[in-house]
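Before any comments, here is the structure.
The values are calculated or read from the model by the stated rules, or taken from the named source; none is laboratory data. Since this is a predicted model, take the numbers as computed values, not measurements. Here the Cβ positions follow ideal geometry from the backbone for every residue, glycine too, while neighbour counts run over all protein chains shown. When the accessible area is computed, the model is the full protein with side chains, heavy atoms only, and any ligands, DNA or RNA have been set aside. Shrake-Rupley method; radii C 1.70, N 1.55, O 1.52, S 1.80 Å.
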Amino acid sequence: MDILLSGTASDSHTWNLVYLQLFLEELGHRVHNLGPCVPDDLLTGACAAAGPGRPDLVVISSVNGHGYRDGLGAVRAVRRAGLTLPVVIGGKLGVAGVADPEQRGRLLDAGCDAVFDDGNVAALRDYLTTLAVGRSAPRAVA
């Protein structure tokens, strides 16, 4: 798959994105890494790009603890643009140090196809396998 990888608008961390890119590439996917501090309009524009390399999936990562808030803005912008490709988010999504089921539910309701709290890469790998074999992937929460 062609995967668009992105940090959130307020997250300036890079190493999580480097790690995820390497992880995704080891699984055989092509990755376009937008990097950290990606504004919603840049993310939406990259999702809508035409031609070869158009993403099959968007992976959003956050480690600064504002992933719930920033992720809502990002996925809402993608969906407002009429884009239907799968969007997932993961990492350290909140500042409380524990997963927040209410915030997770808001992300799913806003259009995220899966939410991976605490950087659950095993659950992400399983989700990707489901997408890659062409089956309809259910909305997942890990």
Taking protein heavy atoms only, a 1.4 Å probe, and rounding to whole percent, the accessible area of region 2-92 owed to carbon and sulfur comes out at 58 percent
Rounded to whole Å, give me the distance from the Cα center of region 1-24 to that of region 34-104.
10 Å
What does the helix-only formula give at 222 nm for the chain: each DSSP H stretch with n ≥ 4 adding -39500 (n - 2.57), the total divided by the residues, and the result rounded to the nearest 500 deg cm²/dmol?
-12000 deg cm²/dmol
Bins of 5 Å from zero: percent of alpha-carbon pairs in the chain:
2, 11, 23, 26, 23, 12, 3, 0, 0
For region 1-85, build the charge dipole from Cβ charges (+1 Lys, Arg; -1 Asp, Glu) around the Cα centre, then report which of 44, 20, 5 sits farthest towards its positive end.
44
Quick one: accessible area per residue over the chain, 1.4 Å probe, rounded to a whole number of Å²?
48 Å²
